[in-house]
1. Go ahead and set up a Gaussian network model of the chain, Cα springs under 10 Å, then flag whichever of Val271, Val316, Val163 fluctuates most.
2. For the stretch 4-146, what is the accessible area per residue in Å² when the probe is 1.4 Å?
3. Identify which of Leu262, Leu74, Leu24 has the largest mean-square fluctuation in a Gaussian network model of the chain, with springs joining Cα atoms closer than 10 Å.
4. Need the full-extension length gain, Gln246 to Lys11, defined as separation in residues times 0.36 nm minus the C-alpha distance. One decimal, nm.
5. Nearest 0.05, what FRET efficiency do Asn385 and Ser358 give at R0 = 22 Å with Cβ-Cβ as r?
6. Helix 14-35 against the longest principal axis of the chain: what's the angle in degrees, Cα atoms only, rounded to the nearest 10?
7. So for the pair Tyr218, Leu200, with labels modelled 7 Å out along Cα→Cβ, what separation do we get in nm?
8. Compare the Cα positions of Ala213, Val223, Val158 along the charge dipole of the stretch 155-253 (+1 at Cβ of Lys, Arg; -1 at Cβ of Asp, Glu; about the Cα centre) and return the one farthest towards the positive end.
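The values are calculated or read from the model by the stated rules, or taken from the named source; none is laboratory data. Everything quoted here is computed from the prediction, not taken from an experiment. Glycine also receives a Cβ, built like all others from the backbone with ideal geometry; neighbour counts cover every protein chain displayed. SASA here: full protein model, heavy atoms, side chains in, ligands and nucleic acids out. Shrake-Rupley method; radii C 1.70, N 1.55, O 1.52, S 1.80 Å.
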Amino acid sequence: MLDLHTRNLVKATVPVLKEHGVTLTRHFYARMFAHNPELKPVFNQGNQQAGSQQQALAMAVLAYAEHIDNPIVLMPVLTLVANKHVSVGIRAEHYPIVGMHLLASIKEVLGDAASDELLAAWAAAYGQLADVLIAQEAAIYAKAAMTPGGWTGWRSFVISKKVIESEEITSFYLRPADGGSVPDYKPGQYISVKVFVPELGMMQPRQYSLSCAPGQEYLRISVKREAEMAEKPAGLVSNVLHRDCQEGAILDVAPPMGDYVLHEDRDTPVVLISAGVGVTPKLAMLEHLLKQNTARKVRFVHACRHGGVHAFKQQVREMSEQHAQVKSLTYYEVPRAEDRASVDYDQKGRLDLQAVASDFILPDADYYVCGPRSFMQAQISSLQNLGVAPARIHKEAFGSGGFAH
Ligand SMILES: Cc1cc2nc3c(=O)[nH]c(=O)nc-3n(C[C@H](O)[C@H](O)[C@H](O)COP(=O)(O)OP(=O)(O)OC[C@H]3O[C@@H](n4cnc5c(N)ncnc54)[C@H](O)[C@@H]3O)c2cc1C
Ligand code: HEM
(Lines give C-alpha, C1' and ligand atoms only; values in the text may rest on other atoms or scores of the structure.)
(Ligands and ions follow the chains in the order given, each with its own letter.)
Protein backbone atom coordinates (compact mmCIF):
# COMPACT_ATOMS: atom_id res chain seq x y z
CA MET A 1 0.00 0.00 0.00
CA LEU A 2 1.28 3.49 -0.84
CA ASP A 3 1.83 5.86 2.10
CA LEU A 4 -0.80 8.50 2.93
CA HIS A 5 1.25 11.43 1.61
CA THR A 6 1.78 9.72 -1.77
CA ARG A 7 -1.90 8.83 -2.01
CA ASN A 8 -2.94 12.40 -1.20
CA LEU A 9 -0.61 13.77 -3.86
CA VAL A 10 -2.08 11.41 -6.46
CA LYS A 11 -5.67 12.20 -5.40
CA ALA A 12 -4.95 15.92 -5.66
CA THR A 13 -4.37 15.45 -9.41
CA VAL A 14 -7.93 14.15 -10.01
CA PRO A 15 -9.36 17.56 -11.08
CA VAL A 16 -6.42 18.06 -13.47
CA LEU A 17 -6.90 14.58 -14.91
CA LYS A 18 -10.61 15.24 -15.36
CA GLU A 19 -9.78 18.35 -17.34
CA HIS A 20 -6.67 17.26 -19.24
CA GLY A 21 -6.75 13.42 -19.13
CA VAL A 22 -7.25 12.90 -22.85
CA THR A 23 -4.67 15.58 -23.77
CA LEU A 24 -2.23 13.80 -21.48
CA THR A 25 -2.86 10.35 -22.96
CA ARG A 26 -2.79 11.68 -26.55
CA HIS A 27 0.58 13.24 -25.80
CA PHE A 28 1.67 9.99 -24.15
CA TYR A 29 0.83 7.82 -27.20
CA ALA A 30 2.45 10.27 -29.64
CA ARG A 31 5.58 10.30 -27.46
CA MET A 32 5.70 6.54 -26.99
CA PHE A 33 5.21 5.77 -30.70
CA ALA A 34 7.89 8.35 -31.64
CA HIS A 35 10.45 6.84 -29.23
CA ASN A 36 9.37 3.18 -29.43
CA PRO A 37 7.93 2.70 -32.94
CA GLU A 38 8.24 -1.09 -32.48
CA LEU A 39 5.16 -0.84 -30.21
CA LYS A 40 2.90 0.56 -32.94
CA PRO A 41 1.85 -2.82 -34.37
CA VAL A 42 1.01 -3.99 -30.84
CA PHE A 43 -1.69 -1.33 -30.53
CA ASN A 44 -4.96 -1.18 -32.40
CA GLN A 45 -4.35 1.79 -34.71
CA GLY A 46 -8.11 1.99 -35.45
CA ASN A 47 -8.69 2.75 -31.75
CA GLN A 48 -5.88 5.32 -31.93
CA GLN A 49 -7.49 7.04 -34.93
CA ALA A 50 -10.92 7.04 -33.36
CA GLY A 51 -9.45 8.25 -30.03
CA SER A 52 -11.03 5.44 -28.02
CA GLN A 53 -7.77 4.04 -26.66
CA GLN A 54 -6.64 7.50 -25.45
CA GLN A 55 -10.02 7.77 -23.76
CA ALA A 56 -9.72 4.27 -22.23
CA LEU A 57 -6.28 4.94 -20.80
CA ALA A 58 -7.31 8.39 -19.51
CA MET A 59 -10.34 6.88 -17.78
CA ALA A 60 -8.14 4.15 -16.30
CA VAL A 61 -5.64 6.63 -14.89
CA LEU A 62 -8.45 8.80 -13.52
CA ALA A 63 -10.27 5.85 -11.95
CA TYR A 64 -7.05 4.69 -10.38
CA ALA A 65 -6.29 8.13 -8.91
CA GLU A 66 -9.84 8.36 -7.54
CA HIS A 67 -9.67 4.93 -5.92
CA ILE A 68 -6.07 5.07 -4.76
CA ASP A 69 -7.13 4.50 -1.11
CA ASN A 70 -8.98 1.33 -2.05
CA PRO A 71 -7.79 0.11 -5.47
CA ILE A 72 -9.44 -3.28 -4.85
CA VAL A 73 -12.74 -1.84 -6.21
CA LEU A 74 -11.04 -1.68 -9.61
CA MET A 75 -10.39 -5.43 -9.69
CA PRO A 76 -13.22 -6.36 -12.12
CA VAL A 77 -12.07 -3.79 -14.64
CA LEU A 78 -8.40 -4.70 -14.13
CA THR A 79 -9.35 -8.30 -14.96
CA LEU A 80 -10.80 -7.06 -18.25
CA VAL A 81 -7.61 -5.08 -18.98
CA ALA A 82 -5.33 -7.99 -18.02
CA ASN A 83 -7.22 -10.34 -20.35
CA LYS A 84 -6.97 -7.82 -23.18
CA HIS A 85 -3.26 -7.28 -22.49
CA VAL A 86 -2.51 -11.02 -22.57
CA SER A 87 -4.56 -11.39 -25.72
CA VAL A 88 -2.29 -8.93 -27.53
CA GLY A 89 0.94 -10.23 -25.99
CA ILE A 90 1.78 -7.55 -23.39
CA ARG A 91 4.63 -8.71 -21.13
CA ALA A 92 6.16 -7.45 -17.87
CA GLU A 93 9.06 -5.86 -19.77
CA HIS A 94 6.65 -3.48 -21.56
CA TYR A 95 5.57 -1.81 -18.29
CA PRO A 96 8.72 0.27 -17.63
CA ILE A 97 8.51 1.66 -21.19
CA VAL A 98 4.88 2.75 -20.72
CA GLY A 99 5.68 4.06 -17.21
CA MET A 100 8.59 6.14 -18.47
CA HIS A 101 6.52 7.77 -21.24
CA LEU A 102 3.54 8.32 -18.93
CA LEU A 103 5.66 10.14 -16.34
CA ALA A 104 7.47 12.18 -18.98
CA SER A 105 4.07 13.11 -20.45
CA ILE A 106 2.74 14.24 -17.06
CA LYS A 107 5.79 16.48 -16.75
CA GLU A 108 5.52 17.82 -20.30
CA VAL A 109 1.76 18.45 -20.22
CA LEU A 110 1.46 19.84 -16.68
CA GLY A 111 4.67 21.90 -16.86
CA ASP A 112 5.49 23.70 -13.62
CA ALA A 113 2.46 22.14 -11.91
CA ALA A 114 4.27 18.78 -12.02
CA SER A 115 6.65 19.10 -9.07
CA ASP A 116 9.33 16.48 -8.45
CA GLU A 117 7.34 15.35 -5.44
CA LEU A 118 4.19 14.86 -7.53
CA LEU A 119 6.13 12.95 -10.21
CA ALA A 120 7.64 10.70 -7.54
CA ALA A 121 4.14 10.03 -6.17
CA TRP A 122 2.86 9.11 -9.65
CA ALA A 123 5.89 6.89 -10.27
CA ALA A 124 5.08 4.96 -7.07
CA ALA A 125 1.39 4.80 -7.96
CA TYR A 126 2.09 3.59 -11.50
CA GLY A 127 4.47 0.97 -10.11
CA GLN A 128 1.77 -0.34 -7.79
CA LEU A 129 -0.83 -0.59 -10.58
CA ALA A 130 1.70 -2.17 -12.94
CA ASP A 131 2.55 -4.81 -10.30
CA VAL A 132 -1.12 -5.75 -9.92
CA LEU A 133 -1.57 -6.10 -13.70
CA ILE A 134 1.74 -7.95 -14.21
CA ALA A 135 0.79 -10.50 -11.51
CA GLN A 136 -2.70 -10.99 -12.95
CA GLU A 137 -1.31 -11.36 -16.47
CA ALA A 138 1.33 -13.87 -15.32
CA ALA A 139 -1.46 -16.03 -13.89
CA ILE A 140 -3.47 -15.80 -17.13
CA TYR A 141 -0.40 -16.69 -19.25
CA ALA A 142 0.33 -19.68 -16.99
CA LYS A 143 -3.25 -20.93 -17.24
CA ALA A 144 -3.30 -20.56 -21.05
CA ALA A 145 -0.04 -22.53 -21.32
CA MET A 146 -1.28 -25.33 -19.07
CA THR A 147 -4.70 -25.78 -20.71
CA PRO A 148 -4.73 -28.89 -22.95
CA GLY A 149 -4.38 -27.65 -26.54
CA GLY A 150 -3.47 -24.23 -25.16
CA TRP A 151 -0.58 -21.89 -25.94
CA THR A 152 0.69 -18.38 -25.24
CA GLY A 153 1.61 -15.65 -27.71
CA TRP A 154 0.70 -16.13 -31.36
CA ARG A 155 0.03 -19.51 -33.00
CA SER A 156 -0.54 -20.11 -36.73
CA PHE A 157 -4.03 -21.22 -37.73
CA VAL A 158 -5.28 -22.13 -41.21
CA ILE A 159 -8.58 -20.76 -42.44
CA SER A 160 -10.21 -24.11 -43.20
CA LYS A 161 -13.57 -22.69 -44.21
CA LYS A 162 -15.16 -19.30 -44.89
CA VAL A 163 -18.96 -19.07 -44.69
CA ILE A 164 -21.03 -16.03 -45.61
CA GLU A 165 -23.61 -15.52 -42.86
CA SER A 166 -25.18 -12.25 -44.05
CA GLU A 167 -24.46 -9.32 -46.36
CA GLU A 168 -21.97 -8.08 -43.74
CA ILE A 169 -20.87 -11.03 -41.60
CA THR A 170 -18.62 -13.91 -42.66
CA SER A 171 -17.50 -16.80 -40.45
CA PHE A 172 -13.92 -18.07 -40.44
CA TYR A 173 -13.24 -21.63 -39.29
CA LEU A 174 -9.69 -21.78 -37.93
CA ARG A 175 -7.66 -24.96 -37.43
CA PRO A 176 -4.16 -25.10 -35.90
CA ALA A 177 -1.57 -25.17 -38.70
CA ASP A 178 0.53 -27.54 -36.55
CA GLY A 179 -2.27 -30.13 -36.66
CA GLY A 180 -2.66 -29.97 -32.87
CA SER A 181 -5.83 -29.58 -30.88
CA VAL A 182 -7.60 -26.43 -29.75
CA PRO A 183 -8.24 -25.67 -26.08
CA ASP A 184 -11.57 -25.69 -24.36
CA TYR A 185 -12.80 -22.18 -23.75
CA LYS A 186 -15.69 -20.57 -21.98
CA PRO A 187 -18.63 -19.51 -24.19
CA GLY A 188 -18.40 -15.72 -24.50
CA GLN A 189 -14.59 -15.58 -24.74
CA TYR A 190 -12.72 -14.00 -27.64
CA ILE A 191 -9.46 -14.52 -29.49
CA SER A 192 -7.12 -11.93 -30.96
CA VAL A 193 -6.22 -12.32 -34.62
CA LYS A 194 -3.25 -10.57 -36.21
CA VAL A 195 -3.04 -9.72 -39.92
CA PHE A 196 -0.87 -7.55 -42.14
CA VAL A 197 -2.66 -4.31 -43.04
CA PRO A 198 -1.22 -2.95 -46.31
CA GLU A 199 -2.71 0.53 -45.70
CA LEU A 200 -0.54 0.85 -42.57
CA GLY A 201 2.35 -1.35 -43.71
CA MET A 202 2.23 -3.24 -40.41
CA MET A 203 0.60 -6.11 -38.55
CA GLN A 204 -2.53 -5.31 -36.55
CA PRO A 205 -4.38 -7.29 -33.88
CA ARG A 206 -8.15 -7.32 -33.35
CA GLN A 207 -10.39 -9.29 -31.02
CA TYR A 208 -13.19 -11.57 -32.23
CA SER A 209 -15.63 -13.49 -30.02
CA LEU A 210 -15.72 -17.23 -30.57
CA SER A 211 -19.06 -17.80 -32.27
CA CYS A 212 -19.56 -21.52 -31.66
CA ALA A 213 -19.62 -23.77 -28.62
CA PRO A 214 -16.30 -25.18 -27.39
CA GLY A 215 -15.42 -28.81 -28.02
CA GLN A 216 -14.82 -28.65 -31.80
CA GLU A 217 -11.61 -29.25 -33.73
CA TYR A 218 -11.63 -25.64 -34.81
CA LEU A 219 -12.19 -22.16 -33.49
CA ARG A 220 -14.79 -20.07 -35.29
CA ILE A 221 -15.08 -16.31 -35.50
CA SER A 222 -17.71 -14.31 -37.37
CA VAL A 223 -16.56 -10.94 -38.61
CA LYS A 224 -18.60 -7.96 -39.73
CA ARG A 225 -17.03 -6.04 -42.61
CA GLU A 226 -16.85 -2.44 -41.42
CA ALA A 227 -17.68 -0.61 -44.65
CA GLU A 228 -16.75 3.00 -45.35
CA MET A 229 -19.46 5.38 -44.16
CA ALA A 230 -20.00 9.09 -44.67
CA GLU A 231 -17.78 10.25 -41.80
CA LYS A 232 -15.93 7.00 -41.06
CA PRO A 233 -13.19 5.26 -43.05
CA ALA A 234 -13.49 1.55 -43.83
CA GLY A 235 -12.38 -0.73 -40.98
CA LEU A 236 -8.84 -1.97 -41.56
CA VAL A 237 -8.67 -5.54 -40.28
CA SER A 238 -12.26 -6.59 -41.00
CA ASN A 239 -11.76 -5.61 -44.65
CA VAL A 240 -8.42 -7.46 -44.86
CA LEU A 241 -10.13 -10.56 -43.45
CA HIS A 242 -13.08 -10.38 -45.84
CA ARG A 243 -11.10 -9.31 -48.90
CA ASP A 244 -7.65 -10.90 -48.64
CA CYS A 245 -7.91 -13.89 -46.31
CA GLN A 246 -9.19 -16.87 -48.28
CA GLU A 247 -9.53 -20.53 -47.33
CA GLY A 248 -6.03 -21.98 -46.88
CA ALA A 249 -4.51 -18.69 -45.66
CA ILE A 250 -2.66 -18.58 -42.34
CA LEU A 251 -3.62 -16.25 -39.48
CA ASP A 252 -1.81 -15.51 -36.21
CA VAL A 253 -4.13 -16.28 -33.33
CA ALA A 254 -3.85 -15.66 -29.57
CA PRO A 255 -5.50 -18.04 -27.06
CA PRO A 256 -9.12 -17.60 -25.89
CA MET A 257 -9.44 -14.84 -23.29
CA GLY A 258 -11.98 -12.65 -21.56
CA ASP A 259 -14.22 -12.69 -18.54
CA TYR A 260 -17.55 -12.08 -20.29
CA VAL A 261 -18.54 -15.71 -19.98
CA LEU A 262 -21.61 -17.81 -19.40
CA HIS A 263 -22.07 -18.51 -15.69
CA GLU A 264 -22.40 -22.25 -15.40
CA ASP A 265 -22.47 -22.49 -11.62
CA ARG A 266 -26.27 -22.06 -11.55
CA ASP A 267 -29.40 -23.46 -13.18
CA THR A 268 -31.38 -20.23 -13.41
CA PRO A 269 -32.63 -18.76 -16.74
CA VAL A 270 -30.35 -17.11 -19.27
CA VAL A 271 -31.43 -14.11 -21.34
CA LEU A 272 -29.16 -13.32 -24.29
CA ILE A 273 -29.61 -9.84 -25.76
CA SER A 274 -27.75 -8.60 -28.84
CA ALA A 275 -27.75 -6.24 -31.77
CA GLY A 276 -25.89 -6.67 -35.06
CA VAL A 277 -22.61 -8.56 -34.84
CA GLY A 278 -23.03 -8.64 -31.03
CA VAL A 279 -24.81 -11.93 -31.73
CA THR A 280 -21.47 -13.83 -31.90
CA PRO A 281 -20.70 -14.58 -28.20
CA LYS A 282 -24.39 -15.36 -27.64
CA LEU A 283 -24.34 -18.06 -30.30
CA ALA A 284 -21.49 -19.80 -28.47
CA MET A 285 -23.51 -19.56 -25.25
CA LEU A 286 -26.73 -20.86 -26.81
CA GLU A 287 -25.03 -23.77 -28.59
CA HIS A 288 -23.11 -24.69 -25.45
CA LEU A 289 -26.20 -24.66 -23.25
CA LEU A 290 -28.02 -26.95 -25.67
CA LYS A 291 -25.05 -29.32 -25.96
CA GLN A 292 -25.13 -29.60 -22.17
CA ASN A 293 -28.78 -30.71 -22.36
CA THR A 294 -29.66 -27.86 -20.10
CA ALA A 295 -33.07 -27.50 -18.55
CA ARG A 296 -32.31 -23.79 -18.05
CA LYS A 297 -34.78 -21.50 -19.76
CA VAL A 298 -33.02 -19.55 -22.53
CA ARG A 299 -34.29 -16.37 -24.17
CA PHE A 300 -32.53 -15.20 -27.34
CA VAL A 301 -33.35 -11.58 -28.16
CA HIS A 302 -31.73 -10.09 -31.25
CA ALA A 303 -32.06 -6.80 -33.09
CA CYS A 304 -30.72 -5.92 -36.53
CA ARG A 305 -31.54 -3.56 -39.35
CA HIS A 306 -33.29 -6.01 -41.74
CA GLY A 307 -33.17 -9.51 -43.21
CA GLY A 308 -30.13 -8.78 -45.37
CA VAL A 309 -27.92 -8.38 -42.32
CA HIS A 310 -29.63 -10.99 -40.12
CA ALA A 311 -26.85 -13.54 -39.57
CA PHE A 312 -27.50 -17.05 -38.18
CA LYS A 313 -31.27 -16.71 -38.66
CA GLN A 314 -31.71 -20.35 -39.67
CA GLN A 315 -29.54 -21.83 -36.87
CA VAL A 316 -31.26 -19.84 -34.14
CA ARG A 317 -34.69 -20.65 -35.51
CA GLU A 318 -33.89 -24.38 -35.61
CA MET A 319 -32.45 -24.36 -32.11
CA SER A 320 -35.53 -22.65 -30.70
CA GLU A 321 -37.93 -24.91 -32.61
CA GLN A 322 -36.17 -28.05 -31.41
CA HIS A 323 -35.78 -27.06 -27.76
CA ALA A 324 -38.87 -26.11 -25.81
CA GLN A 325 -36.86 -24.22 -23.20
CA VAL A 326 -35.55 -21.77 -25.84
CA LYS A 327 -37.63 -18.82 -27.02
CA SER A 328 -36.30 -16.30 -29.52
CA LEU A 329 -37.42 -12.80 -30.39
CA THR A 330 -36.13 -10.80 -33.36
CA TYR A 331 -36.53 -7.12 -34.09
CA TYR A 332 -35.92 -5.59 -37.53
CA GLU A 333 -35.45 -1.85 -37.34
CA VAL A 334 -36.30 -1.23 -41.02
CA PRO A 335 -37.59 -4.44 -42.65
CA ARG A 336 -37.20 -4.71 -46.44
CA ALA A 337 -40.22 -5.46 -48.64
CA GLU A 338 -39.17 -9.14 -48.87
CA ASP A 339 -38.76 -9.61 -45.09
CA ARG A 340 -41.70 -11.59 -43.71
CA ALA A 341 -43.22 -10.56 -40.38
CA SER A 342 -43.58 -13.52 -37.92
CA VAL A 343 -41.33 -15.64 -40.19
CA ASP A 344 -38.09 -13.69 -40.55
CA TYR A 345 -38.73 -11.35 -37.64
CA ASP A 346 -41.17 -10.86 -34.79
CA GLN A 347 -41.25 -7.13 -34.19
CA LYS A 348 -40.60 -4.03 -36.26
CA GLY A 349 -38.58 -1.13 -34.86
CA ARG A 350 -36.08 -1.00 -32.03
CA LEU A 351 -35.87 -3.54 -29.24
CA ASP A 352 -38.11 -2.52 -26.34
CA LEU A 353 -37.54 -4.80 -23.36
CA GLN A 354 -40.29 -3.11 -21.33
CA ALA A 355 -42.86 -4.15 -23.96
CA VAL A 356 -41.85 -7.84 -23.89
CA ALA A 357 -40.96 -8.07 -20.21
CA SER A 358 -43.61 -10.69 -19.35
CA ASP A 359 -41.95 -13.26 -21.66
CA PHE A 360 -38.33 -12.14 -21.68
CA ILE A 361 -37.57 -10.84 -18.19
CA LEU A 362 -37.45 -13.90 -15.98
CA PRO A 363 -37.02 -14.23 -12.21
CA ASP A 364 -33.42 -14.94 -11.15
CA ALA A 365 -32.13 -14.79 -14.73
CA ASP A 366 -28.68 -13.69 -15.86
CA TYR A 367 -28.66 -11.20 -18.76
CA TYR A 368 -25.85 -11.13 -21.32
CA VAL A 369 -25.83 -7.97 -23.42
CA CYS A 370 -23.64 -7.37 -26.46
CA GLY A 371 -23.88 -4.86 -29.28
CA PRO A 372 -23.07 -1.26 -30.21
CA ARG A 373 -22.39 0.99 -27.24
CA SER A 374 -25.65 3.01 -27.51
CA PHE A 375 -27.68 -0.22 -27.78
CA MET A 376 -25.98 -1.64 -24.69
CA GLN A 377 -26.56 1.51 -22.68
CA ALA A 378 -30.26 1.51 -23.63
CA GLN A 379 -30.76 -2.18 -22.78
CA ILE A 380 -28.82 -2.00 -19.52
CA SER A 381 -30.88 0.95 -18.33
CA SER A 382 -34.12 -0.86 -19.38
CA LEU A 383 -33.02 -3.92 -17.41
CA GLN A 384 -32.24 -1.80 -14.37
CA ASN A 385 -35.62 -0.02 -14.66
CA LEU A 386 -37.25 -3.45 -14.78
CA GLY A 387 -35.61 -4.25 -11.44
CA VAL A 388 -32.77 -6.51 -12.61
CA ALA A 389 -29.85 -6.45 -10.16
CA PRO A 390 -26.62 -5.05 -11.68
CA ALA A 391 -24.76 -8.24 -10.69
CA ARG A 392 -27.04 -10.19 -13.04
CA ILE A 393 -26.21 -7.99 -16.05
CA HIS A 394 -23.10 -9.04 -17.99
CA LYS A 395 -21.84 -6.93 -20.87
CA GLU A 396 -19.21 -7.01 -23.59
CA ALA A 397 -18.17 -3.90 -25.50
CA PHE A 398 -16.65 -4.60 -28.92
CA GLY A 399 -13.98 -1.93 -28.39
CA SER A 400 -11.84 -0.27 -25.74
CA GLY A 401 -13.26 1.37 -22.68
CA GLY A 402 -13.69 -1.00 -19.76
CA PHE A 403 -13.30 2.00 -17.48
CA ALA A 404 -15.73 4.13 -19.43
CA HIS A 405 -18.89 2.54 -18.10
C1 LIG B 1 -13.90 -8.48 -26.95
C2 LIG B 1 -14.21 -8.11 -28.39
C3 LIG B 1 -14.92 -9.00 -29.18
C4 LIG B 1 -15.23 -8.67 -30.49
N5 LIG B 1 -15.94 -9.57 -31.25
C6 LIG B 1 -16.23 -9.26 -32.53
C7 LIG B 1 -16.95 -10.19 -33.35
O8 LIG B 1 -17.33 -11.29 -32.91
N9 LIG B 1 -17.20 -9.85 -34.64
C10 LIG B 1 -16.81 -8.63 -35.16
O11 LIG B 1 -17.06 -8.39 -36.34
N12 LIG B 1 -16.14 -7.73 -34.40
C13 LIG B 1 -15.84 -8.03 -33.12
N14 LIG B 1 -15.13 -7.13 -32.36
C15 LIG B 1 -14.68 -5.86 -32.97
C16 LIG B 1 -13.34 -6.10 -33.70
O17 LIG B 1 -12.32 -6.36 -32.75
C18 LIG B 1 -12.88 -4.89 -34.52
O19 LIG B 1 -12.93 -3.75 -33.71
C20 LIG B 1 -13.74 -4.68 -35.76
O21 LIG B 1 -13.63 -5.81 -36.62
C22 LIG B 1 -13.30 -3.42 -36.50
O23 LIG B 1 -11.94 -3.55 -36.80
P24 LIG B 1 -11.35 -2.91 -38.15
O25 LIG B 1 -9.87 -3.07 -38.10
O26 LIG B 1 -12.07 -3.42 -39.33
O27 LIG B 1 -11.74 -1.41 -37.97
P28 LIG B 1 -10.76 -0.25 -37.46
O29 LIG B 1 -9.86 0.15 -38.55
O30 LIG B 1 -10.18 -0.68 -36.17
O31 LIG B 1 -11.81 0.88 -37.19
C32 LIG B 1 -12.80 0.71 -36.18
C33 LIG B 1 -13.88 1.73 -36.36
O34 LIG B 1 -13.34 3.01 -36.15
C35 LIG B 1 -13.67 3.85 -37.22
N36 LIG B 1 -12.60 4.82 -37.45
C37 LIG B 1 -11.32 4.56 -37.88
N38 LIG B 1 -10.64 5.72 -38.02
C39 LIG B 1 -11.50 6.71 -37.68
C40 LIG B 1 -11.40 8.12 -37.62
N41 LIG B 1 -10.27 8.75 -37.97
N42 LIG B 1 -12.50 8.81 -37.23
C43 LIG B 1 -13.66 8.19 -36.91
N44 LIG B 1 -13.80 6.87 -36.95
C45 LIG B 1 -12.74 6.14 -37.33
C46 LIG B 1 -13.84 2.92 -38.43
O47 LIG B 1 -14.68 3.47 -39.40
C48 LIG B 1 -14.46 1.70 -37.79
O49 LIG B 1 -15.84 1.82 -37.73
C50 LIG B 1 -14.83 -7.43 -31.03
C51 LIG B 1 -14.08 -6.55 -30.23
C52 LIG B 1 -13.79 -6.88 -28.93
C53 LIG B 1 -12.98 -5.92 -28.10
C1 HEM C 1 -0.55 0.35 -15.42
C2 HEM C 1 -0.44 0.29 -16.72
C3 HEM C 1 -1.56 0.14 -17.73
C4 HEM C 1 -2.88 0.48 -17.65
C5 HEM C 1 -3.63 1.15 -16.50
C6 HEM C 1 -3.49 0.11 -18.91
C7 HEM C 1 -4.83 0.30 -19.22
C8 HEM C 1 -5.43 -0.20 -20.35
C9 HEM C 1 -6.84 -0.09 -20.65
C10 HEM C 1 -7.88 0.60 -19.77
C11 HEM C 1 -7.06 -0.71 -21.82
C12 HEM C 1 -8.41 -0.84 -22.55
C13 HEM C 1 -9.05 -2.15 -22.20
C14 HEM C 1 -10.40 -2.30 -22.86
O15 HEM C 1 -11.33 -1.59 -22.48
O16 HEM C 1 -10.52 -3.11 -23.76
C17 HEM C 1 -5.79 -1.21 -22.29
C18 HEM C 1 -5.61 -1.89 -23.47
C19 HEM C 1 -4.37 -2.07 -24.04
N20 HEM C 1 -3.16 -1.82 -23.47
FE21 HEM C 1 -2.85 -1.19 -21.58
N22 HEM C 1 -2.53 -0.44 -19.72
C23 HEM C 1 -1.34 -0.43 -19.04
C24 HEM C 1 -0.15 -0.91 -19.50
C25 HEM C 1 0.09 -1.30 -20.80
C26 HEM C 1 1.37 -1.67 -21.33
C27 HEM C 1 2.67 -1.74 -20.52
C28 HEM C 1 1.19 -1.95 -22.65
C29 HEM C 1 2.25 -2.36 -23.65
C30 HEM C 1 2.99 -1.58 -24.32
C31 HEM C 1 -0.22 -1.79 -22.95
C32 HEM C 1 -0.83 -2.03 -24.17
C33 HEM C 1 -2.18 -2.11 -24.37
C34 HEM C 1 -2.79 -2.58 -25.60
C35 HEM C 1 -2.03 -2.99 -26.87
C36 HEM C 1 -4.17 -2.57 -25.39
C37 HEM C 1 -5.27 -3.03 -26.38
C38 HEM C 1 -6.07 -1.93 -26.92
C39 HEM C 1 -5.52 -1.29 -28.16
O40 HEM C 1 -4.70 -1.90 -28.87
O41 HEM C 1 -5.94 -0.18 -28.47
N42 HEM C 1 -0.84 -1.39 -21.80
N43 HEM C 1 -4.83 -0.90 -21.38
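1. With Cα springs under 10 Å in the chain, the top fluctuation among Val271, Val316, Val163 is at Val163.
2. Values: 6740 Å² over 143 residues.
With all protein chains present, the stretch 4-146 gives 47 Å² per residue.
3. Leu74
4. Result for the pair: 79.4 nm of gain on full extension.
5. The formula returns an efficiency of 0.90 here.
6. Roughly 90 degrees, rounded to the nearest 10.
7. Modelled inter-label distance: 2.7 nm.
8. Ala213
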